């Protein structure tokens, strides 16, 4: 039997199959499925006993290619992924590494989110100009769900690329985000670049306050990666397969939403 050690686990998941990330009574969640799989293979006894820690709690419908949890276990790091993958569906653990006991994945250096924005009538240069307004340190209280956390956040970069077929990719990088922050910013960028909202109302320092800020659908959002300052060994061939599978599922879900929205417009 191995000596107990703390392990950090990196994993991907299709968020459309779960009621969000965080454990909830009688509901299928990403975290609940992970914990249950770890318990089934005797990697842990319980979240409390193993000192379980998580990094990012994504909303219902949001997928990920690189979320991170950590826990104490007697399992060897190289054995964990294969053991729990056989006990889960729509979640893929692909890398595990030993870390110091004080390692906390929530204290990440940077988080990277990507939003797949369906191509319609957006003005791409204008959308990029609006993206630049959100970069830097700002009060994002108007762009997130209300809570008690400090609304000041620093966005390191927002990059809009147009080489993703039917979608633009809007990549956000920051140490941390408020709830719904990315989806609200994308909604405003989309409205402004499509001519449905005054450009003067867009951005945390905008001179005009918008009447309302909508929320872009979660199914288009993907947590790409989290930088916790440690290296995770990855089987590149297997990881590419996971990336393609998750992105394919996101695109399929996005096309379903596009069809529903198109029908709604036709019957309005």
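Applying a threshold of 7 Å to beta carbon distances and a minimum spacing of six or more residues, or different chains, the list of pairs starting in segment 84-105 at a residue that is at positive phi and in contact (Cβ under 8 Å) with a residue 60 or more places away in the chain and ending at one that is surrounded by fewer than 18 Cβ atoms within 10 Å (Cβ to Cβ) and not in a strand (DSSP E or B) reads 90/17. Considering only residues that are farther than 18 Å from residue 140 by Cα and either touching a strand residue (DSSP E or B) at 6+ places or on another chain (Cβ under 7 Å) or surrounded by fewer than 16 Cβ atoms within 10 Å (Cβ to Cβ) (or both), which ones fall in segment 191-203? The answer is 194, 195, 196, 198. Just one of the listed residues (213, 240) is assigned to a loop (DSSP other than H, G, I, E, B) and either in the same structural domain as residue 177 (by TED's automatic domain parsing) or surrounded by fewer than 18 Cβ atoms within 10 Å (Cβ to Cβ) (or both), and it is 213.
Across segment 147-169, the qualifying residues are those that are in contact with a helix residue (DSSP H, G or I) (Cβ under 8 Å, 6 or more places away or on another chain) and under 17 Å from residue 108 (Cβ atoms), and the one among them that is modelled with the lowest pLDDT is 153. For segment 181-200, the set of residues classified as touching a helix residue (DSSP H, G or I) at 6+ places or on another chain (Cβ under 8 Å) and over 19 Å from residue 118 (Cβ atoms) consists of 181, 198, 199, listed by residue number.
Of everything listed in (1) surrounded by fewer than 16 Cβ atoms within 10 Å (Cβ to Cβ); (2) assigned to a helix (DSSP H, G or I), the single unmet condition for residue 98 is (2). Taken over segment 123-139, the criterion of being surrounded by 19 or more Cβ atoms within 10 Å (Cβ to Cβ) and either in a strand (DSSP E or B) or in contact with a strand residue (DSSP E or B) (Cβ under 8 Å, 6 or more places away or on another chain) (or both) is satisfied by 127, 131, 134. Within segment 1-60, the set of residues being in a helix (DSSP H, G or I) and either free of Cβ contacts under 8 Å to residues at least 24 places away in the same chain or closer than 20 Å to residue 177 by Cα (or both) comprises 15, 30, 31, 32, 35, 39.
The values are calculated or read from the model by the stated rules, or taken from the named source; none is laboratory data. Please read these numbers as outputs of a predicted model, since none were measured by experiment. Counting neighbours? That spans all protein chains shown, and the Cβs are built from the backbone with ideal geometry, glycine included.
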